[in-house]
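*Asks:* Before anything else, here's the structure in question.
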Amino acid sequence: MSLEFEKQRRREVRPTDQPPEGATSADAKPVISFAPAKPGKAPAHLADVDAKGRKQVLKDLGLPGFRADQLSRHYFDHFEADPAKMSDIPASMHDAIREGLLPELVRQVVAQHADGGMTIKHLWELFDGARVESVLMRYPQRTTLCISSQAGCGMACPFCATGQMGLTRNLSTGEIVDQVRQAQIACRDGELPGGPTHLSNVVFMGMGEPLANYRTVVNTLRRLIDPSPEGFGLSARNVTVSTVGLVPAIDKLAKEGMPVTLAVSLHAPDDDLRDELIPINSRWKVGELLDAARRYFVATGRRVSIEYALIKDMNDQEYRAQLLADELNKRGHGWAHVNPIPLNPTPGTIWTASTRRAQDTFVATLRNNGISTTIRDTRGSDIDGACGQLATAVKEANAKRRSINSDSTSIQETR
Ligand code: SF4
């Protein structure tokens, strides 16, 4: 290592220099968990099953199977979930359908508007009182929804308050899909400035590690991608599954035959730092993770996104950019795209913005080594931003500070 690189190492900030975000004690340690604290099951929903399954549910309810197609088209084409508003469904069937296929699964608690209304963050309450978020963001060329796949999260990343809450439970397919339906309504009804629009992109970057709720997330992907009446018919390439690195699940996903985009929240190219920054790295190391990401590319033809939040003096050194480039290049060329994510400055925390100089050097080092690299916008928790939570946590810290000084963000309580 050169003298300059040695100097960079001596200035390093470590994730352990501060208790985890949201920790209740100063000596709190990350505890990874795959077991939900409250393993409740959401009421069964039309989106949980495919067309055949819906027919069977109707038959079990004593209703004709052909209604499945009608109900599915109302739900996936017109985003309607209230049988009373479906003119071709007899009133005598409404209660049974509501109970057996279309229970209300996500109820809005709060809608928070930011970025001039172009970002809407929703807080949803589920049947058992658990709460999750989704974020809808309109851009000139696309409208993206960031969704939650779990209530809480068991991955215990130290920068993420959700991670310190632990895993409450996995969401059901219906609970995830209904976040998308709600966003479809907001787009259609022109709730974002600029008039009605279409939801084009969905990213699994809200609460939770999607691949830790594997079967449900794969089922959800089918509902998002399959055309009506099976699902919403979104383009697979516009759906992104983000992971902190559950290697066996990445390999499984590669074999599902759905060319969705895989985003790896890497944030460090070396095990020394990543073991502290992303605790699951103690189970699957950087090398194993990048090998799996490369296999995903080979199996699907989809270039993998490598998400890398630039944190001042922690992971933003030139030598780490070089190491990242080396790790990617030794597995081939053109298979991965790096998205460095600039954080907002947050004085008083170790999770703060790199200097502009460090950011420029990091990006130039990657590009000089032939790595395709795009600095990402951190609006909301857009993926094109990362496992979102780091960008979001920092953004929220800033928002709290801003709200003391101004009233630039409006919050609507809806109950
Ligand atoms: S950053 Fe993502 S994976 Fe890590 S604890 Fe938070 S929600 Fe879970």
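*Asks:* What number of residues in the stretch 50-67 are touching a residue at least 60 places away in the same chain (Cβ under 8 Å) and aliphatic (A, V, I, L, M)?
*Replies:* 1
*Asks:* So in the stretch 43-79, with the set limited to residues that are in a helix (DSSP H, G or I) and among the acidic types (D, E), which one is farthest from the chain's Cα centre (by Cα)?
*Replies:* Selected residue: D60.
*Asks:* Could I ask something else about it? Looking at R237, R181, R223, which is the one that is charged (D, E, K, R) and in contact with a helix residue (DSSP H, G or I) (Cβ under 6 Å, 6 or more places away or on another chain)?
*Replies:* Of the residues listed, the single one that is charged (D, E, K, R) and in contact with a helix residue (DSSP H, G or I) (Cβ under 6 Å, 6 or more places away or on another chain) is R223.
*Asks:* Let me ask something additional. Which residues, counting only those in the stretch 32-63, are touching a helix residue (DSSP H, G or I) at 6+ places or on another chain (Cβ under 8 Å) and under 17 Å from P229 (Cα atoms)?
*Replies:* H45, L46, A47, D48, V49, D50, A51, R54, K55, V57, L58 - these are the residues of the stretch 32-63 that are touching a helix residue (DSSP H, G or I) at 6+ places or on another chain (Cβ under 8 Å) and under 17 Å from P229 (Cα atoms).
*Asks:* Can I ask one more? Just the residues that are within 9 Å of the ligand (Cβ to nearest atom) and closer than 12 Å to S148 by Cα, please, taken from the stretch 160-169.
*Replies:* T162
*Asks:* Further question: Which of (1) farther than 24 Å from P158 by Cβ; (2) within 16 Å of the ligand (Cβ to nearest atom); (3) of a type in the set (S, T, Y) does S265 not meet, given it meets every other one?
*Replies:* (1) is the only condition that S265 fails.
*Asks:* Could we say that S172 is more than 16 Å from the ligand (Cβ to nearest atom), among the polar types (S, T, N, Q) and either closer than 30 Å to E276 by Cα or buried (at least 24 other Cβ atoms within 10 Å of the Cβ) (or both) here?
*Replies:* yes
*Asks:* Next question, about the same structure. Is there a residue being within 16 Å of the ligand (Cβ to nearest atom) and either among the hydroxyl-bearing types (S, T, Y) or assigned by the TED database to the domain that holds R274 (or both) anywhere in the stretch 108-123?
*Replies:* Yes, the stretch 108-123 has at least one match.
*Asks:* Ok, one more. Name the pairs whose Cβ atoms lie under 6 Å apart, with the first residue in the stretch 326-352 and in the same structural domain as E307 (by the TED database), the second of a type in the set (D, E), and 6 or more positions between them or separate chains?
*Replies:* Taking only residues 6 or more apart or on different chains, the pairs are N339/E307; I350/D17.
*Asks:* If the Cβ limit is 8 Å and pairs must be 6+ apart or interchain, which residue in the stretch 361-377 that is without any contact (Cβ under 8 Å) to a residue 60 or more places away in the chain pairs with which residue that is basic (K, R) and part of a helix (DSSP H, G or I)?
*Replies:* Sorted first by the residue in the stretch 361-377, then by its partner, the pairs are F362/R320; T373/R367.
*Asks:* Right, another one. Within the stretch 385-407, identify whether any single residue is in contact with a helix residue (DSSP H, G or I) (Cβ under 7 Å, 6 or more places away or on another chain), surrounded by 15 or more Cβ atoms within 10 Å (Cβ to Cβ), of a type in the set (A, V, I, L, M, F, W, C) and modelled with pLDDT under 95, and answer yes or no.
*Replies:* Among the residues of the stretch 385-407, at least one is in contact with a helix residue (DSSP H, G or I) (Cβ under 7 Å, 6 or more places away or on another chain), surrounded by 15 or more Cβ atoms within 10 Å (Cβ to Cβ), of a type in the set (A, V, I, L, M, F, W, C) and modelled with pLDDT under 95, which makes the answer yes.
The values are calculated or read from the model by the stated rules, or taken from the named source; none is laboratory data. All values derive from a computational prediction rather than experimental measurement. Here the Cβ is made from the backbone with ideal geometry for all residues, glycine too, and neighbour counts use every protein chain on show.
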